[in-house]
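Rule-based calculations on the coordinates, nothing more; no lab input. Please read all numbers here as calculations on a predicted model, not as lab measurements. Here the Cβ positions follow ideal geometry from the backbone for every residue, glycine too, while neighbour counts run over all protein chains shown.
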Amino acid sequence: MRKLIAAALAATMPLAPATAATCWKQTAVEAAQIRDFEMMLMVSALRCRATGNDFLASYNRLIREKRDALTQVNDELREHFRDAAGPVGALSAYDNYVTGLANVYGAGADGLACRDLQSITDAANALPPTRSALLELSDAAGVSPHLSGARCDMMVAVAGKVRKSGDQEPVWVASRGPAD
């Protein structure tokens, strides 16, 4: 049994670095959430113009005033895709991700009318121009990031072995959280 477990672990070892590089680290997850939030507002501002709730000017103000925080978020996302797709495929992977986000909101944001999205945009404009303020508001708005893979903190990692009382063979346990 020990040889079987060791062989299984050895077979997966070469895959570990590639898997770790493609999972979403917490910083990238937060950046994706903020980018998702901003994309929801952008697509909605464009879509809602025809409904009498034209808040495009308010959205544009948000982009101007929060530019540094939004640039930081985009840089973090580009770094994630550079790690996941390599330097050659990073831009294409990022572009595909952002296009996919825009498509998610093309038909609207679930449960939010244009006037709701206008209020959220106004609330965002009242915030300080920080990444943390945008993350907090995106949480309050119920935005959950659309990720193109698993979160690193959700990946199952072999944490060690535990013996149950009376067991001769070790029992492998998995943990939820970043690998040490």
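Between Arg61 and Ala150, residue separation times 0.36 nm minus the direct Cα-Cα distance comes to 28.7 nm. Residues whose amide H lies under 5 Å from that of Trp24, counting only those 5 or more places away or on a different chain, are Ala150, Arg151, Cys152; hydrogens are built 1.01 Å from N in the peptide plane. According to the calculation over all Cα-Cα pairs in the range 19-79, the P(r) per 5 Å bin from zero is 4, 17, 23, 19, 14, 10, 7, 4, 1, 0 %. Derived from the Cα gyration tensor, the three semi-axes of the equivalent ellipsoid of the range 24-149 are 25, 16, 12 Å, largest first.
As a footprinting exposure proxy, order Ser148, Ser138, Ser44 by other Cβ within 10 Å, with the fewest listed first.
Ser148, Ser138, Ser44
Scoring 68-74, 125-131 by mean Cβ neighbours within 10 Å over their residues and listing the highest first yields 68-74, 125-131.
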